[in-house]
Amino acid sequence: MANYSTNEFRSGLKVMLDGEPCSILDNEFVKPGKGQAFNRVRMRNLKTGRVWDRTFKSGESLEGADVLDQTMEYLYTDGEFWYFMEPDTFEQHQADAKAVGDTHRWLKEQDRCEVTLYNGSPLSVEAANFVELEITETDPGLKGDTAQGGSKPATLSTGAVVKVPLFLSQGEIIRVDTRSGEYVGRAGKS
Amino acid sequence: MDRWRPDADLDALRQRAAVLAGIRSFFAARGVLEVETPLLCTSGITDPSIEPLLVERGNSLAAPRYLQTSPEYAMKRLLAAGSGPIFQIARAFRDDESGRRHNPEFTLLEWYRPGLDHHALMDELEQLVGGLLDRQGSKKFSYRDVFREFAGVDPFLATAAQLEAAAREVTDPGSAHGPREFWLDMLLTHVIEPALAGLGLVFVYDYPAAQAALARIAEVDGVAVGQRFELYVDGVELANGYNELTDAVEQRQRFERDNRLRRETGRPERPLDENLLAALASGLPDCSGVALGIDRLVMLATGSEDIRQVQAFSWDRS
């Protein structure tokens, strides 16, 4: 992989730091009037998710990380691994629980999601920002109560539990924002 | 994006012009002479943390020439020739300096006052900047006090290990190692500068002798200090000044020490400016001088967060 100097650190660049793949979030060049210049770099460790501020001497360089974000189709899970497929090549990848993390709560078969590959293997998986999932379990709906507030927990087909308005019932398909885990609305009838 | 378009909006450029006009009338009223000196210089700067850009080709060039990193040396030659007080508004170039407050090409205001020490020059600087930014008053801290106050360490007495520990409390420098000055610079940029953000005009003066650059060294409270100062406005480093070193022998020693440091850290050595050294040997009057970043001054005047907002065309569009 190519080496990148601090002045090439841009948001989104993936680099190796102490043997771990990291993503650059922000890079600020700072220099006292006279003396050593530094780059204060906000980074995310792509394995652990940790975000922190790292200071480099300006001009230092890091090796690029073989990290690739790819849109894939989620196929299924066997309980131990989750399987994804590249839509163009049909190549399949298996991701372990560490890579999938909490995202499993939003994975519906045949949905598209973003898989980050590190050295060719899934490092992390992100669901689409919005997913449509079926309510498999919730208290009976209160007919007519469509305007007023109030909510109840609903279990979705993936096992996720979200708060939904009181009028919704089992079997309905809802739209959820996966970043906040919040109910957005009813999905179009399908 | 239309890449031909200016970075700055036209209002910012009008304010920039007003700042330049304000500077010229300030000095005209005080009898300070405006001068111009060459941008392309036969010798570069030895300062180990400033890298010049080099112009290498052209029939007029007997040897590569450096784009000036500041007009300091040429202006001191004018002072030695008896110019009296002078100022210059000049483009300067520094390689590899790019960020929210840095552009490799930028504009400096530099001026020199024979007969004034650095404290008297700070007063004049406060009048200029206070007037242009419509700000009243300033605070003054010695380098020692500003570190004791905001970083909780004595920059003259703390060991490198103590300074490193203080720096590691605020950032992760990995396995970086360096001498005391390295950690002092990190504390300055990571702790002191942010702490000055809410304080308006702040002067920091009397730097450790190792950071004297071209300032005289004097003994204050039992420690050797470089009679150098910086002006911060809202935490933005705006100007750097010296009670100027006038001793040609000591100046040569400092240049040679810079080059030794360059050699040790694998960076190119720079030819010494023999014209400057000869001017000092012939007699530079006692004087103080200061360089002020005009782009940053306009950033403060316009409330801009990025230097590109005050430059017609920044590096990427020039």
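Computed from the coordinates by the stated procedures, all read-outs in this text should not be read as laboratory data. Because the structure is predicted, anything quoted here is derived from the model rather than measured. Every residue, glycine as well, gets a Cβ built from its backbone with ideal geometry; the counts of neighbours run over all protein chains shown.
Between B:Glu264 and B:Glu36, what FRET efficiency comes out of the Förster formula 1/(1 + (r/R0)^6) with R0 = 35 Å and r the beta carbon distance, rounded to 0.05?
0.45
Which of these, A:Gln94, A:Gln170, A:Gln36, has the largest mean-square fluctuation under a Gaussian network model of chain A (Cα springs below 10 Å)?
In this elastic network of chain A, the residue with the biggest mean-square fluctuation among A:Gln94, A:Gln170, A:Gln36 is A:Gln36.
Calculate the FRET efficiency for A:Glu60 and B:Glu256 from the Cβ-Cβ distance with a Förster distance of 25 Å, rounded to the nearest 0.05.
According to the calculation, E is roughly 0.35.
For the pair B:Ser25 and B:His119, what calculated FRET efficiency results from E = 1/(1 + (r/R0)^6), where r is the Cβ-Cβ distance and R0 = 35 Å, to the nearest 0.05?
With R0 = 35 Å, the Cβ-Cβ based efficiency is 0.90.
Binning every alpha carbon pair distance of chain B at 20 Å from zero, what are the percents per bin?
30, 62, 8
Summing +1 for each Lys or Arg and -1 for each Asp or Glu, what net charge is found among the other residues whose Cβ lies under 14 Å from the Cβ of A:Ser157?
Cβ neighbours under 14 Å give a net charge of -3.
In whole angstrom, how long is each semi-axis of the equivalent ellipsoid of the range B:170-318, when you take the square root of 5 times every eigenvalue of its Cα gyration tensor and sort them from largest down?
On the way: eigenvalues 163, 88, 74 Å².
For the range B:170-318, the semi-axes come out at 29, 21, 19 Å.
Based on DSSP loop calls and a cut-off of at most 10 other Cβ atoms within 10 Å, the longest stretch of chain B free of exposed trypsin sites (Lys or Arg not before Pro) is what? Please report the intermediate quantities before stating the final value.
Details: sites that count: B:Arg3, B:Arg57.
Result for the longest clean stretch: B:58-318.
Using only Cα atoms, what is the ratio of the radius of gyration of the protein assembly as shown to 2.2 N^0.38 Å? It would help to have the intermediate numbers written out before the result.
Numbers: Rg = 29.7 Å, N = 508, 2.2 N^0.38 = 23.5 Å.
Output field value: 1.26.
Rg and Dmax of the range A:130-186 over Cα atoms: what are they, in angstrom?
In Å, with Rg to one decimal and Dmax whole: 10.3, 30.
Among the listed pairs A:Lys31/B:Lys140; A:Lys14/A:Lys98; A:Lys31/A:Lys98; A:Lys57/B:Lys140, which are separated by more than 31 Å between their Cα atoms?
On the way: A:Lys31/B:Lys140 21 Å; A:Lys14/A:Lys98 20 Å; A:Lys31/A:Lys98 39 Å; A:Lys57/B:Lys140 29 Å.
Exceeds cut-off: A:Lys31/A:Lys98.
Thinking of the range A:67-127 as a set of Cα atoms, what percent of all their pairs are more than 15 Å apart?
Every Cα pair in the range A:67-127 considered, those over 15 Å come to 36 percent.
Using helices alone, I'd like the mean residue ellipticity at 222 nm for chain B: each DSSP H run of four-plus residues gives -39500 (n - 2.57), total over residue count, nearest 500.
For chain B, the value works out to -10500 deg cm²/dmol.
About the Cα centre, and with charges only on the beta carbon of Lys, Arg (+1) and Asp, Glu (-1), how big is the dipole of chain B? Nearest 20 debye, please.
600 debye
Which of A:Trp52, A:Trp106 comes first, and how do the rest follow, when ranked by fewest Cβ neighbours within 10 Å?
Ordered from fewest to most neighbouring Cβ atoms within 10 Å, A:Trp52, A:Trp106 come out as A:Trp52, A:Trp106.
Taking the number of other C-beta atoms within 10 Å as the exposure measure, put A:Ser169, A:Ser151 in order starting with the fewest.
On the way: A:Ser169 15, A:Ser151 12.
The order, fewest Cβ neighbours first, is A:Ser151, A:Ser169.
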